[in-house]
């Protein structure tokens, strides 16, 4: 898994698997964008717009993929990714 944060756009990118294969994009009800492999159905990446607002809520939650990361832990992950 890799993390990238674009401060100017306030977007967090989480990549679970790199792939150039065809993918479909699904926008969740919370505004995140999931990139899913058309061939395998596996989650390839997740784009989280307005990240700082979501992070200030205490826990980053993406129920569609069962992800819940406390903001404190996410901050540590982002520091290591930088």
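A few comments on the model shown:
- Estimated from the Cβ-Cβ distance and a Förster radius of 22 angstrom, the FRET efficiency linking residue 57 and residue 4 is about 0.60.
- Per residue of the chain, the DSSP helices (runs of n ≥ 4 H) give a summed -39500 (n - 2.57) that works out to -5000 deg cm²/dmol at 222 nm.
- Taking every alpha-carbon pair under 8 Å whose residues sit at least 6 apart, segment 2-81 reaches a relative contact order of 26 percent.
- R0 of 22 Å, Cβ-Cβ distance residue 40-residue 11: FRET efficiency to nearest 0.05: 0.30
- By the Kirkwood approach, averaging reciprocal distances over each pair of separate Cα atoms, the chain gets a hydrodynamic radius of 13.1 Å.
- Crossing angle, helix 71-81 versus the chain [Cα axis fit, 0-90 degrees, rounded to tens]: 70 degrees
- Label-to-label distance, nm, for residues given as residue 72 and residue 22 (7 Å Cα→Cβ offset): 4.6 nm
Read-outs: derived from the displayed coordinates by stated rules, not from any lab. Bear in mind the structure is a predicted one, so any value in this text is a computation, not a measurement. So basically every Cβ, Gly included, is an ideal-geometry build from the backbone, and we count neighbours across all protein chains shown.
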